[in-house]
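**Student:** Below are the structure tokens for one structure; questions will follow.
Nothing in this text is a laboratory measurement; each read-out follows from the coordinates by a stated rule. Model, not experiment: these values are computed from the prediction. Here Cβ is always computed from backbone atoms with ideal geometry, including for glycine, and neighbour counts include all displayed protein chains.
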Amino acid sequence: MDDRAYTSLQTYRRRHGSLLLVGVMKINVDASIKKNSNKASASTVTRDFSDMFVGASVLISQGISPEIMRAVACRESLALVSDLMLQKFKMACDNITVVRNIQDKGF
């Protein structure tokens, strides 16, 4: 690897955290609940190892609790994995309760 490519990888790693391997996709998962309303949304965004957009999905619902909607967002990301026919991916979710429940009970 030449020095320029190595420097670019170091810069990328500093800006974006850990570097994904070629062929591995990163899926960011989030849910939002509208205050004073019963509307909620679950969204997922998929990017490849070079941070290029691959795909996204949004699900809007009503009458679902925030915790359940966050779990629905994780499920929606797995549906996106299937739709995009991804083989290798990492899912990022900022809700530790949902992540622990998935790890403990399976999904």
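**Student:** How high is the relative contact order of segment 44-107, given as a whole-number percent (alpha carbon pairs under 8 Å, six or more residues apart)?
**Tutor:** Contact order relative to length: 27 percent.
**Student:** Report the local net charge at Val45: Lys and Arg +1, Asp and Glu -1, summed over other residues whose C-beta lies under 15 Å from its C-beta.
**Tutor:** Residues near Val45 contribute -3 overall.
**Student:** Excluding same-chain residues fewer than 8 positions from Lys26, which lysines have a Cα within less than 16 Å of its Cα?
**Tutor:** Once the sequence-local lysines are set aside, what remains near Lys26 is Lys88, Lys90.
**Student:** Cut-off is 10 Å between beta-carbons; in what order do Thr97, Thr46 appear when sorted fewest neighbours first?
**Tutor:** Placing the least packed residue first, the sequence is Thr97, Thr46.
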